[in-house]
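For reference, the structure discussed in these notes is given below.
Laboratory data are not the source of any read-out in this text; all were calculated from the coordinates shown. Remember, it's a predicted structure, so these values are computed and weren't measured experimentally. In this analysis, Cβ positions are derived from the backbone assuming ideal geometry, glycine residues included, and neighbour counts consider all displayed protein chains.
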Amino acid sequence: MKRDLVSLADWSRQEIWEVLDLAVHLKREHKAGVRHDQVLEGKSLAMVFQKPSLRTRVSFEMGMRHLGGHALYLGPEEIKLGQRETTEDIALVLSRYVDGIMARVFGHEDMEELARHATVPVINGLSDLLHPCQALGDMLTILERKRELAGLTLTFIGDGNNVAHSLIHICAKLGMAFRIACPPGHEPDGAIVEAARSSGANVQVGHDVREAARDSDVLYTDVWTSMGQEVGAESRRQAFQGFRVDLELLKLGRPGCTVMHCLPAHYDEELSYEASRHPASAIFDQAENRLHAQKAVLALLLA
Ligand code: CP
Ligand code: NVA
């Protein structure tokens, strides 16, 4: 049966560790010059984008190349998801040509519809609701810095958005506490928080940045205005003043606290440039680890 990566809520702790363990292995061997171009030899991945991307596009394309396969970029103007023909038909047609579909969409329901109808695996490369590939790369990054995951506290400063949601999912699965400090009205999705809590996870939602940051192992932030929310950017800028990771805030974390951001960043807003270039910052490791984590996902789903 085909397996999708639409939401980490559908993946078990064991499956997530399988990805992380394989990613560690693939990364180590890649750095040592070992080639893995037999793994997906002759396989192809369609990459459907409704939104811009640097990391997701390049890391999936290079990941397929490293594994001996081929990736095909289909930008917003090419497919016109949901406009030129139905999402169902797009899923069925692409399934006749390629071995997997990676998609970046606005509505999460479009991702679910693609997955429902495609006969090949569908990988979520970001929707308005979730960003599971980011969370997998991030856990690889934290593992490299801390040597463990269970028992750590990840604190998210800013919007309860797609990145925050996937981090809630993965922290819950891997035994990490998740805290968020956000402006009132920008809390993460209540159903995602409740589901994580009812699985036994420690998820705290609050509005005080300094209180949330105290004794954190990771301080994570993301843009105040996500792709697709540009109309409300000005009022969001007002609401999010102070929801920022900088060197002052870093002092409140545990010794060795790590600064994280999925990128792209706005250095005059959610993250100070100084914090981003501090030795505590893992932001470029995160970007790199998208490649290794996604290669593991591709190898597990498409081989
Ligand atoms: N973090 C991330 O997904 O970056 P892109 O939007 O550049 O793909
Ligand atoms: N929350 C951001 C993440 C970008 C990778 C957005 O959706 O625009």
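Quick check on the stretch 118-128: of everything there that is within 14 Å of ligand 1 (Cβ to nearest atom) and hydrophobic (A, V, I, L, M, F, W, C), which residue is surrounded by the fewest Cβ atoms within 10 Å (Cβ to Cβ)? Don't jump to the end; show me each part of the working.
Within the stretch 118-128, the first condition is being within 14 Å of ligand 1 (Cβ to nearest atom), and the residues that meet it are 123-128.
In the following step, the residues that additionally are hydrophobic (A, V, I, L, M, F, W, C) were identified as 123, 126.
Numbers: ILE123: 27, LEU126: 29.
Within the stretch 118-128, the match that is surrounded by the fewest Cβ atoms within 10 Å (Cβ to Cβ) is ILE123.
Out of all the residues in the stretch 266-277, is one or more outside any loop (DSSP other than H, G, I, E, B), away from ligand 1 (no atom under 16 Å from the Cβ) and farther than 30 Å from GLY63 by Cβ? Among the residues of the stretch 266-277, at least one is outside any loop (DSSP other than H, G, I, E, B), away from ligand 1 (no atom under 16 Å from the Cβ) and farther than 30 Å from GLY63 by Cβ, which makes the answer yes.
Hey, does the stretch 110-133 have a residue that's closer than 21 Å to ALA287 by Cα, among the β-branched types (Val, Ile, Thr) and touching a residue at least 60 places away in the same chain (Cβ under 8 Å)?
Going residue by residue through the stretch 110-133, those that are closer than 21 Å to ALA287 by Cα are 123-133.
Add one more test, that the residue is among the β-branched types (Val, Ile, Thr), and what stays is 123.
Among the residues that remain, those that are also touching a residue at least 60 places away in the same chain (Cβ under 8 Å) are: 123.
So far as the stretch 110-133 goes, yes, one or more of its residues are closer than 21 Å to ALA287 by Cα, among the β-branched types (Val, Ile, Thr) and touching a residue at least 60 places away in the same chain (Cβ under 8 Å).
Apart from one condition, SER53 fits all of (1) hydroxyl-bearing (Ser, Thr, Tyr); (2) surrounded by 20 or more Cβ atoms within 10 Å (Cβ to Cβ); (3) not in a helix (DSSP H, G or I); the exception is (2).
Of everything in the stretch 59-72 that's free of Cβ contacts under 8 Å to residues at least 60 places away in the same chain and not basic (Lys, Arg), which residue is farthest from ligand 1 (Cβ to nearest atom)? Before the answer, list the steps.
Quick first cut of the stretch 59-72, residues free of Cβ contacts under 8 Å to residues at least 60 places away in the same chain only: 61, 65, 68, 70-72.
Narrowing further to those that are not basic (Lys, Arg): 61, 68, 70-72.
Details: GLU61: 11, GLY68: 23, HIS70: 20, ALA71: 14, LEU72: 17 Å.
The extreme case among them is GLY68.
Going residue by residue through the stretch 92-101, is there one that turns out to be surrounded by 24 or more Cβ atoms within 10 Å (Cβ to Cβ) and within 16 Å of ligand 1 (Cβ to nearest atom)? Within the stretch 92-101, not a single residue is surrounded by 24 or more Cβ atoms within 10 Å (Cβ to Cβ) and within 16 Å of ligand 1 (Cβ to nearest atom). Working carefully through the options VAL231, VAL297, find the one that is more than 16 Å from ligand 1 (Cβ to nearest atom) and out of contact with any Asp or Glu (no Cβ under 9 Å at 6 or more places or on another chain). Answer to the check: VAL231.
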